[in-house]
Each structure stands twice: as structure tokens, then as C-alpha cells.
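The values are calculated or read from the model by the stated rules, or taken from the named source; none is laboratory data. Predicted, not measured: the structure shown is a model, and the values here were computed from it. Here the Cβ positions follow ideal geometry from the backbone for every residue, glycine too, while neighbour counts run over all protein chains shown.
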Amino acid sequence: MAGKGLSVVAGVDEVGRGPLAGDVVAAAVVLGDDHGIQGLADSKKLSEKKRNQLFDEIQLRSVSWSIARASVEEIDELNILQASMLAMKRAVEGLLRQPEFVYVDGNRLPQWRYAAEAVVKGDTLIAEISAASIIAKVVRDREMVSLDRLYPGYGLAKHKGYPTKMHMEALKGLGPSPIHRKSFGPVKNLLNSTS
């Protein structure tokens, strides 16, 4: 791994590429050598209780952390891949302690000035990426619970915007809300069929 031995190494990951609603949220984390945080793993493989516990611990014990996003409007304008890259770039730029090197989850890098390496399954291999994935997932999940109160009937608190059967049925019955991604197939098809 190219970043080993450097003193300020960050990991960055995003959450929310697949949902039909809501922003894509990215987090960047600089852990430092002696963070002592146990149990870091891919956020999707952890229970909600464990994620919440680690979320607090990462914020407390990391050297620096940052959260950023790309909005629904940016997703529709740019496409989800470019919006995800933009969110990750913003997250790293938002770190108070700027990194010498960045590990990025996945197989491609944002366009930026940082020395970096893309790591497939990085959220299971690199502690900094695991920490970033946990921060991003907890933030996005909590936002979807709040948005469920603003836009009731879709079940956002349950499925977090993903295209579940429940969500698809609600979409057909209620039509898209302002936080639905109009460029995504199921939402686009629905809008086309009603226009």
C-alpha cells in the first residue's frame, strides 16, 4: 500500500449511490497511528448499534474527520458516479488536518491534487476507509430518518431510499418527492408516464 509510512493518511468513502432518493454522502477520516479503535469494518457488515458506537468513537479519537455531500440536484445534473467523486473530494478538502496521502474506496479516484490510491473493497482492508464508511453511513441513515418525517408515506426511515418493493409502490402511489433523483430509471419512468 502506497500510503504506509506517511504520517497523515486519510481514508474516504461514500454512501448512497444506489438509492432513488436523498444526497450521496461522503466522509473522510484521518485516524493516526495510536487511535486504538477496535472493530472497524465495512459499515454494511456492522449492526446499527455497533455503527453508532463506532461513529461516536471515531469522532472522538480520530485526528480529523469531515462529512460532505453531493445534492440530489447535482446527482441529476452530473450523474451518480461524478456526484460521488465530487462528494469524496469535498470530504477530503474539508479535513482540518490535510492528508499527505488518501485511500479511496473503489476502483477510481476523484480529480484532485492529493496523492492517492483507489482500493477495491477498501472498507474491509483499510482502517481509515472503514472509519469513513461508518461515518458516512450513520450520517446518511440518520438524515433519511429525518426526511421520512418531512416526506411521509415513502418509508424512507426503513429502506433509506433504496428501491425496495415498498418504496416502488409508494412512489407509484404518491409520485416523486423533491428529494427523489429524477435521473434514476424508476423515478424518470414514473415522471415520463405522468407527463
Exercise. Looking only at helices (runs of 4 or more DSSP H) that fall completely inside the range 93-195, which ones have 2 or more residues that are surrounded by 18 or more Cβ atoms within 10 Å (Cβ to Cβ) and among the small types (G, A, S)?
Worked result: 127-150
For this session: Test E57 against the stated conditions and say whether it is within 25 Å of V187 (Cα to Cα), surrounded by 17 or more Cβ atoms within 10 Å (Cβ to Cβ) and among the acidic types (D, E).
Result: no
Problem set entry | Residue that is at pLDDT 95 or above, small (G, A, S) and farther than 30 Å from P178 by Cβ, where the choices are A87, A116, A83, A70 | A116
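Taking the condition under 23 Å from T124 (Cβ atoms), crowded, with 24+ Cβ neighbours inside 10 Å, in contact with a Phe, Trp or Tyr (Cβ under 8 Å, 6 or more places away or on another chain) and of a type in the set (G, A, S), does A21 pass?
Spelling it out, it is not the case that A21 is under 23 Å from T124 (Cβ atoms), crowded, with 24+ Cβ neighbours inside 10 Å, in contact with a Phe, Trp or Tyr (Cβ under 8 Å, 6 or more places away or on another chain) and of a type in the set (G, A, S).
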For this session: Answer with yes or no whether L31 is surrounded by fewer than 23 Cβ atoms within 10 Å (Cβ to Cβ) and modelled with pLDDT of 95 or more.
Result: no
Problem set entry | Pairs where the first residue, in the range 149-175, is within 17 Å of V25 (Cβ to Cβ) and the second is modelled with pLDDT of 95 or more and part of a loop (DSSP other than H, G, I, E, B), C-beta under 7 Å, 6+ apart | K160/P19; G161/P19; G161/L20; G161/G22; Y162/G18; Y162/P19
For this session: Determine, yes or no, whether S64 is of a type in the set (S, T, N, Q) and surrounded by fewer than 13 Cβ atoms within 10 Å (Cβ to Cβ).
Result: no
